Amino acid sequence: MRIRRPEPHTLAGAYAMDALEGNDESRFERHLERCRQCAEEIRGLREATSRLAVAAATDPPAGLIGRAVIAAAQTRQLAPLTSHTRPVWARRTKLALTAAVAGIAVVAALAVAAQSVHDQLQQDQRQSRAIASVLTARDAAMMRAPVSTGGTATVVMSGREHALVFVAKGLPPLPPTRCYELWLMRPGGDKPAGMLPGPRHGMTGPVLASGLRTGDRLGLTIEPAGGSPRPTTATILQLAL
Amino acid sequence: MRLDETSRSAGLDLAAGETRADELRALLCQVARGDSDAFEAVCRHIAGPVFGTVRAVVRDLPQSEEVVQEVLVEVWRCASRFDADRGSAMAWVTTIAHRRAVDRVRSERRSAERELRAASHAIAYDDVAETAEANLDAERVRRCLRSLTSLQREAVTLAYYRGYTYRQVAALLGVAAGTVSTRMRDGLIRLRDCLGVEP
């Protein structure tokens, strides 16, 4: 007798309670990627199961928290992601690789989307092409780092192009008297690399910084509006390129 | 940021619950930036639900402690990956915890078929009453679980508090897998709506 598979949606409850394993689980996860309704439902059901967990709360044995704090001190944390990749719960084995590729694609998409608004100006078209060259360069390398005052920066750099593209998410807005300024930091003196534009939907940039030299570090500071020739405040982001 | 230990176990009204949710989310943000004091505060906040859930599923005390350690370290390690747009901080934590607990027992269960038959006579939704200290959350959940049909309640309890897969539950109860998955889904939806969970 052939057992008919249940419709994917009906497995949402089981999935939300980790009651799927093996092929059942991977099949449902693939379904989740395509079914927004189920993804929404899972979100809500997991809030419900969370209450089941809280209802079962029991004081742990003494020393357990202390041991966890010690173990954490010896554990590296994962860097934040800027793009909306799969949540931790999705348990895909190639998450890191997929996220890196998706990240570059997102930055490229951002560059196109953000630039399409400015497409009228020829100068911006040139910049748009320059940004695309960096993103699609064969030696394009992506880095992400938290900004100490808030937000996350993503940088795609190409040694061949001697340029990088900078994007940030979640940068706290500044008063009109201040601006974010990028720097190429090198032994001879820090070179201004452009001021960040205002955020659009929480995203800042992309900004192209060219004239990269080997050994440069990328810096970000908060400067008076209009920028400064040299950094006047401590860096809130520093990246070795 | 100090959390009031006594208010956690005494009754909490909804407003206080929301404040705690905000606190946890803010603390987790700090943890993401490497703040170990914030991590300790997060641990104090979540250790009860994490240990209670893990203990319910794993049962064995030393193993439960190990799993809880793993979960807390995972919360530290992945704090930057918590996305507040996708759900509450507690849901994020308890999802990790339940997953780890279930992973721990599954490999053992695969070779312990006899346990399934023995367990079939010991199903009760009083698992919540057994393991939980008196708290308002438990009361609310008990009340809402009562609004489920007994079959739905049974399916949800076996899956969540015992960590069985839906196929194992179907085998335990002698019903079709599809029937069980429907009960699980309908039961959770009813629970969600009764608790007034915001998606």
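The values are calculated or read from the model by the stated rules, or taken from the named source; none is laboratory data. Only a predicted model underlies this, so the values are computations on that prediction, with no experimental measurement involved. Methodologically, a virtual Cβ is constructed for each residue, glycine included, from the backbone with ideal geometry; neighbour enumeration extends over all protein chains shown.
Of all residues in segment A:1-23, which are modelled with pLDDT under 95 and either within 22 Å of residue B:106 (Cα to Cα) or not acidic (Asp, Glu) (or both)?
We begin by selecting, within segment A:1-23, every residue modelled with pLDDT under 95; these are A:1-10, A:21-23.
A:1, A:2, A:3, A:4, A:5, A:6, A:8, A:9, A:10, A:21, A:22, A:23 - these are the residues of segment A:1-23 that are modelled with pLDDT under 95 and either within 22 Å of residue B:106 (Cα to Cα) or not acidic (Asp, Glu) (or both).
Quick test for you: out of A:48, A:53, A:73, A:62, pick the one residue that is of a type in the set (A, V, I, L, M, F, W, C), in contact with a helix residue (DSSP H, G or I) (Cβ under 9 Å, 6 or more places away or on another chain) and at pLDDT below 95.
On the way: A:48 fails: at pLDDT below 95; A:53 fails: at pLDDT below 95; A:62 fails: in contact with a helix residue (DSSP H, G or I) (Cβ under 9 Å, 6 or more places away or on another chain).
Result of the check over A:48, A:53, A:73, A:62: A:73.
Which count do you get for residues in segment A:9-57 that are at the interface with chain B (Cβ under 7 Å from one of its Cβ atoms), among the basic types (Lys, Arg) and surrounded by fewer than 19 Cβ atoms within 10 Å (Cβ to Cβ)? I'd like the intermediate steps shown before the answer.
Start the filter on segment A:9-57 by keeping residues that are at the interface with chain B (Cβ under 7 Å from one of its Cβ atoms), which leaves A:10-14, A:16-21, A:40, A:43-57.
Within this subset, residues satisfying the condition of being among the basic types (Lys, Arg) are A:43, A:46, A:51.
In the following step, the residues that additionally are surrounded by fewer than 19 Cβ atoms within 10 Å (Cβ to Cβ) were identified as A:43.
Residues meeting the conditions: 1.
With B:114, B:44 as the choices, which residue is modelled with pLDDT under 95, more than 13 Å from the chain's Cα centre (by Cα), assigned to a helix (DSSP H, G or I) and surrounded by fewer than 22 Cβ atoms within 10 Å (Cβ to Cβ)?
Numbers: B:44 fails: modelled with pLDDT under 95.
B:114 is the lone residue from the list that is modelled with pLDDT under 95, more than 13 Å from the chain's Cα centre (by Cα), assigned to a helix (DSSP H, G or I) and surrounded by fewer than 22 Cβ atoms within 10 Å (Cβ to Cβ).
Could you list, in sequence order, the residues of segment B:169-199 that are within 17 Å of the chain's Cα centre (by Cα) and within 16 Å of residue A:28 (Cβ to Cβ)?
B:184, B:185, B:188, listed by residue number.
Looking only at segment B:184-199, how many residues end up being touching a residue at least 12 places away in the same chain (Cβ under 8 Å), at the interface with another protein chain (Cβ under 8 Å from one of its Cβ atoms) and within 12 Å of residue B:152 (Cβ to Cβ)? Give the steps one after another, and end with the answer.
Step one: of segment B:184-199, the residues touching a residue at least 12 places away in the same chain (Cβ under 8 Å) are B:184, B:186-188, B:190-191, B:194-195.
From what's left, at the interface with another protein chain (Cβ under 8 Å from one of its Cβ atoms): B:184, B:186-188, B:191, B:195.
Now restrict to residues that are within 12 Å of residue B:152 (Cβ to Cβ): B:184, B:186-188, B:191.
Here the count works out to 5.
What about residue B:105, is it in a helix (DSSP H, G or I), modelled with pLDDT of 95 or more and more than 7 Å from chain A (Cβ to nearest Cβ)?
When the stated conditions are applied, residue B:105 does not pass them.
Please work out which residue is surrounded by the fewest Cβ atoms within 10 Å (Cβ to Cβ), limiting yourself to segment B:155-171 and to residues that are in contact with a Phe, Trp or Tyr (Cβ under 7 Å, 6 or more places away or on another chain) and more than 7 Å from every other protein chain (Cβ to nearest Cβ). Outline the logic, then answer.
Initial filter on segment B:155-171 (in contact with a Phe, Trp or Tyr (Cβ under 7 Å, 6 or more places away or on another chain)): B:157-159.
With the extra rule that they be more than 7 Å from every other protein chain (Cβ to nearest Cβ), the set shrinks to B:157-158.
Numbers: B:157: 23, B:158: 26.
Within segment B:155-171, the match that is surrounded by the fewest Cβ atoms within 10 Å (Cβ to Cβ) is B:157.
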